[in-house]
Amino acid sequence: MKICEILLNEAGGSKSYKAHKYSLDATERPTIDYGNTDVVWKKMAESIPHTKHINLESICNNIVKHPKQILTYFLDGSRHVFKVDDQAYHNGSRSLIYPIIAGQAGVGCSKRTNKRLSTEVFKQEFVIAIPDIANADRKSGFFEAITQNLNEAKELKRLNIRISAVLPYKTSEGGEFADRGTACIQDRMMKMEKDLVAALVKEGKIGQDNYLVKDGSLEYTPTPEIKKDKKKYQTFKNNYKWVLGLSKNFNPEACIDNTKKPNPGFIADLPLYHRTPVACYETSFLGDIQFAVWYLRIRDQNRTRTPFDGILKVEKILTNYDEVIDSDEVDLLSAHLINERMPTCYGSDFRWANHIYPIYLTESFVKSKYLSTEGFLNLF
């Protein structure tokens with residue numbers, strides 16, 4: 001029996017429409033988000049109040065002559081998401097049709113020892129998102145019970161596959177239901193990332209001489225439980241004291257210069273091996289968590305296609321509210337990141353100009369562990 005058939009029986013659906021199965025993943029091209037955001041830039045956040053681009057070429061060259069490893073761990077999370085069915089549910093007066101979303105989420109962490117990368121941690125989950133109307137009576141443990149029943153299916157046992165979670169997406173708000181299902185799986189992947197970082201910190205593996213570099217933003221939302229507990233909240237922030245987030249995609253309108261006005265051209269005009277000054281920002285949905293952020297050009301603009309190809313947005317969580325980062329530390333971290341750009345993946349990835357090589361290798365490893373698209377969809 002296929003997963004969709006079991007879901008229909010277990011989740012109270014009235015009919016499966018055997019919808020066309022297709023991927024919901026966006027094409028992996030570098031994008032520029034020109035829209036407004038709720039990001040609030042508060043102040044500059046480094047010990048030296050720079051107003052111009054900072055040249056790091058000499059520091060990069062010194063690091064090559066006197067190598068000392070400080071970037072040790074490289075983390076990447078990835079997910080493949082599909083629409084696998086349309087199923088009907090009764091809301092009391094009529095029958096409504098909602099998409100069933102399923103995906104594979106993987107998180108991998110590589111460790112570099114003596115210039116060689118090896119796998120430190122790899123975790124993979126199979127996740128399904130269904131409409132919350134399936135549990136109209138709000139029974140406790142409803143979705144956990146469905147997950148358990150799915151894992152009793154002979155087909156999944158034969159293939160040694162377990163469904164990690166059946167997650168509800170909200171049907172009472174606006175927007176595309178497929179997007180909400182995808183967001184549930186994305187949130188699950190981010191939870192896997194947070195758990196992995198917390199485990200490495202607990203084991204004492206991350207520190208000032210062993211930074212972790214994560215692909216993507218550090219804008220993790222703490223749970224309501226963590227926010228209510230001051231000690232847990234501070235621990236949550238402290239977990240990222242030695243973590244850098246690298247974003248290949250970003251909103252250039254969110255950058256401010258020394259006049260405290262948006263200045264995306266300040267990023268676009270970054271010379272090779274230069275960085276911007278460090279600014280402090282916070283977002284409304286993360287509470288009082290503040291971030292230090294700066295931009296770094298790792299590729300020659302003359303060899304890329306857009307003004308923002310070859311630029312990385314670097315994030316670091318500020319563990320104390322009024323904290324500033326030492327400018328020498330920013331320069332050193334930035335120089336190490338620049339030196340990670342080679343070798344690179346020319347021609348094999350549209351985002352090559354914004355990749356550092358250890359992250360690219362980690363991402364490639366995580367994706368190589370996915371069940372094939374045909375094999376995954378055949379489960380449904």
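Quick note: the coordinates plus some simple rules give every number you see, no bench work behind them. Every value quoted in this text rests on a predicted model; they were computed, and no experiment measured them. Positions of Cβ are backbone-derived with ideal geometry, glycine not excepted, and every protein chain shown enters the neighbour counts.
A simple count of charges around Arg188, restricted to other residues whose Cβ falls under 12 Å of its Cβ and scoring Lys, Arg +1 and Asp, Glu -1, yields 0. Only residues of region 343-380 count here: report those whose backbone N is under 20 Å from the spot 7 Å along Cα→Cβ of Ala199, or say none. Zone members listed by number: 359, 362-371. Here is how the number arises for the chain: DSSP H runs of 4 or more residues each give -39500 (n - 2.57), the sum is divided by the residue count, and the result at 222 nm is -8000 deg cm²/dmol. Computed over the chain, relative contact order equals 23 percent, with contacts defined as Cα pairs under 8 Å that lie 6+ residues apart.
Dipole of the chain computed with +1 at Lys/Arg Cβ and -1 at Asp/Glu Cβ about the Cα centre; of Tyr240, Val121, Val166, farthest Cα towards the positive end is Val121. Secondary structure note: in the chain, about 80% of the DSSP beta bridges are antiparallel.
For region 82-125 versus region 305-380, the inter-centroid distance based on Cα atoms is 21 Å. Placing unit charges on the Cβ atoms of the charged side chains and taking the dipole of the chain about its Cα centre, the candidate lying farthest along the positive direction among Phe177, Ser93, Ser110 is Ser110. Each part gets one Cα centre, and for region 209-247 versus region 137-198 those centres are 23 Å apart. Structure remark: mean-square fluctuation, Gaussian network model of the chain, C-alpha springs under 10 Å; the largest value among Arg112, Arg188, Arg94 belongs to Arg94. Shown is the FRET efficiency for Thr51 and Asn238, computed with R0 = 25 Å from the Cβ-Cβ distance and rounded to the nearest 0.05: 0.20.
Working from label points 7 Å from Cα in the Cα-to-Cβ sense, the Lys139 to Glu225 distance is 2.4 nm.
Against the chain, whose longest principal axis is taken from its Cα atoms, helix 327-339 shows a tilt of about 70°.
The angle separating the long axis of helix 177-202 from the principal Cα axis of greatest extent in the chain is about 60 degrees. Between the Cα long axis of helix 357-368 and the first principal axis of the chain there is an angle of about 10°, rounded to the nearest 10.
Taking a 32 Å limit on the Cα-Cα distance, which of the listed pairs Lys83/Lys369; Lys205/Lys248; Lys15/Lys367; Lys237/Lys367; Lys115/Lys202; Lys115/Lys194 fall beyond it?
Exceeds cut-off: Lys15/Lys367.
Each label point was placed 7 Å from the Cα along the Cα-to-Cβ direction; for Ser16 and Asp187 their separation is 2.6 nm. Going from the fewest other Cβ atoms within 10 Å to the most, the residues Leu75, Leu333, Leu272 appear in the order Leu272, Leu333, Leu75.
Taking a straight line from the alpha carbon of Lys139, these aspartates and glutamates sit under 17 Å away, with near neighbours fewer than eight places off in the same chain left out: Glu10.
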